[in-house]
Each structure stands twice: as C-alpha cells, then as structure tokens.
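Take a look at the structure below.
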Amino acid sequence: MFSYSRVLLKLSGESFSNKGEFGINYLLVKNIAEQIKAIHKQGINIAVVIGGGNIIRGNLVAESGIDRATADYMGMLGTVINALALQDACEKLGLITRVQTAIEMRSIAESYVRRKAIRHLEKNRVVIFAAGTGNPFFTTDTTAALRAIEVGCQVILKATKVDGVYDSDPKKNPNAKRYVTLPYREALQKELKVMDATALALCMENNIPIIVFDIFKDGNLKKLIDGYKIGTLISNDVGVEYE
C-alpha cells in the first residue's frame, strides 16, 4: 500500500523529447500529464520538478566556450519552457496547476514562495517548480531534493527511461543486476549516479526516500501509487536487495 499523501515527481527534460532529439514532443508531455491526473484523482498532493535537457544543457553549452554560470542560467530558462508545456497539458485535462519559478518572471509564472507553494498543495493544485534553484552550478536533482524538503513531500518519484538503479551499466554489462532496495550510503559510496551527490545527501539527511522508476511503461506511475513494487527504492531504512 502506498503510504505517501504528498509526492514530488522529478522529470528529466529528456522525458519530453524523442530519444536522441531536442525539443518537445507534445504527445509525450500529454502522456505524463495523464499519469499525473490518474494519481491526482486519488487525493495525492503532487509537486513537480522538471529539467531542461531537451531544450539546452548548461554543461554542454559551457564546454563550447560560454561562461558556465551564463550557460546554467540558459538551462534554467529551458526548464521554464518545459514547465509551461506540462502546465498546458495538465490544464487541458482539467487539473488546476501553478508554475513557480526560482527566477522572477511575473508575466508567465509565480515566483517561488514556499508558503504559497504549500498552500497550493493543500488546495490540491499541481505545483510545477521551474528554473532550478535559481542559482548556477546546481542541478535540477538538487532542486527536487530541496523543494521536497521545503514543501513537506514525503517521497521523491524520480521518473526515468530505465526501470530502476543497476549495479553497473546494463547497456554495457549484460549481467548487471537491478536493485530493488538500496541504502543511501551505498548509492553515494558506489557513485551510482542515481542523482547527484548533493541531492542524495540532502535526502539522506532529511530521511526522504527516492523511488527510481520507468515512467514510459504504461501505467507505472499509477501502479506505484497502488502499492506495486516498481523500480528501485532508495532509503535510510532499507538494505541491499537485488531483483
């Protein structure tokens, strides 16, 4: 049985685009919005943090010669584009949403205010957090951990294109094993790249579990909420268990 009433869904920007491509595939955005609606119907408060890798990746832009801080700000603007696309898809399905950005842009979204975000969640609105933390050099994984702590989310659902966390790259190692459960310390020690180290440390210190799962498998998000064991659970309260 799913024991969480307020969740943070972490989406990568790549979840909005076809594999290996840039831009937005609205059918993919719509599919995610439909999954959000399915769990919203069960009375669960939903916050979302989204990346911008399908629009622009700050670290790659920096490698081309643009100042790293400037490149990261460009990446933050990409997350706002994705947040507006998700808001549009959700509202076309009848959901009430709010986009809050860490960089002020009043004509298109609210500025992030913790107490206001909590109030929106209490009113069962879907809150979409954009523009990262508003600071360069921090990833949207860290944003997800930070916002989850700030607004009282009980779990982070990290939506990916893979079905969990493996002990090695399953594309390179056919014998790679998938973790069913994984303690935070082991994820950090083995540098498994579930999330960046800052995000993992924040979650570990504040005892917020992470569930890594494949959102592109039909109904997976709904199955998680229905209590099925899907993906990999990372927590302080579990040991190592393989599939």
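Report the Stokes-Einstein translational diffusion coefficient (µm² s⁻¹, integer) for region 1-145, Rh taken as the Kirkwood radius over Cα pairs, at 20 °C with viscosity 1.002 mPa s.
Result for D is 139 µm²/s.
Counting only helical runs of four or more DSSP H residues, what would the 222 nm mean residue ellipticity of the chain come to if each run contributes -39,500 (n - 2.57) and the total is spread over all its residues?
Details: 8 runs with 88 residues, N = 243.
Mean residue ellipticity, 222 nm, calculated: -11000 deg cm²/dmol.
Can you tell me the relative contact order of the chain? Whole percent, Cα pairs under 8 Å, sequence separation 6 or more.
Numbers: 503 pairs, mean separation 52.0, N = 243.
Averaging sequence separation for qualifying contacts and normalising by length gives 21 percent for the chain.
Of K161/K190; K19/K92; K92/K229; K10/K123, which pairs sit farther than 29 Å apart, going by alpha carbon to alpha carbon?
K92/K229
Tell me the per residue accessible area of the chain using a 1.4 Å probe; a whole number in Å² is fine.
Ligands and nucleic acids excluded, the result is 48 Å² per residue.
Kirkwood Rh, Cα Rg: Rg to Rh for region 54-109?
That ratio is 1.10, to two decimals.
Going 7 Å from the Cα of D214 along its beta-carbon direction, which residues of region 166-188 have the amide nitrogen within less than 14 Å of the resulting point?
Within reach of a label on D214, which here means backbone N under 14 Å from a point 7 Å along Cα→Cβ, region 166-188 contributes 166, 170-171, 178-179.
Shape call for region 168-243 from the C-alpha gyration tensor, a ≥ b ≥ c root eigenvalues: rounded (a/c under 1.5), prolate (a/b greater than b/c) or oblate?
Judged from the Cα gyration tensor, region 168-243 comes out oblate (a/c at least 1.5, b/c at or above a/b).
Once neighbouring chains are kept in place and the probe is 1.4 Å, which whole percent of the accessible area of region 51-105 is contributed by carbon and sulfur? Before the final figure, lay out the partial values.
Details: 1340 of 2420 Å².
Using a 1.4 Å probe with all protein chains present, region 51-105 comes out at 55 percent carbon and sulfur.
Quick one: pull the percent of accessible area on region 126-224 belonging to carbon and sulfur, 1.4 Å probe, ligands and nucleic acids left out. Mind dumping the intermediate values first?
Working: 2160 of 4320 Å².
So the carbon and sulfur contribution to the accessible surface is 50 percent.
For the ranges 146-153, 106-113, what's the packing order if you count other beta-carbon atoms within 10 Å of each residue, average per peptide, and put the highest first?
146-153, 106-113
Could you give the nm distance between label points at A38 and R68, where each point is 7 Å from its Cα heading toward the beta carbon?
Taking the two extended label points, one gets 4.1 nm.
Which FRET efficiency, nearest 0.05, do I96 and N175 yield, Cβ-Cβ r, R0 41 Å?
0.30
Quick one: ranking L121, L188 by accessible area, 1.4 Å probe, largest first, what do you get?
L188, L121
Please identify every one of the trypsin sites (Lys or Arg not before Pro) in region 1-95 that sits in a loop by DSSP and has no more than 16 other beta carbons within 10 Å of its own beta carbon.
Details: sites: R6, K10, K19, K30, K37, K41, R57, R68, K92; in loops: K19, K41, R57.
Hits after loop and neighbour filter: K19, K41.
The values are calculated or read from the model by the stated rules, or taken from the named source; none is laboratory data. These figures come from a predicted structure and were not determined experimentally. Because the Cβ atoms are built from the backbone with ideal geometry, glycine has one as well, and the counts that use them run over all protein chains shown. Note: areas computed on protein heavy atoms with side chains; ligands, DNA, RNA excluded. Shrake-Rupley method; radii C 1.70, N 1.55, O 1.52, S 1.80 Å.
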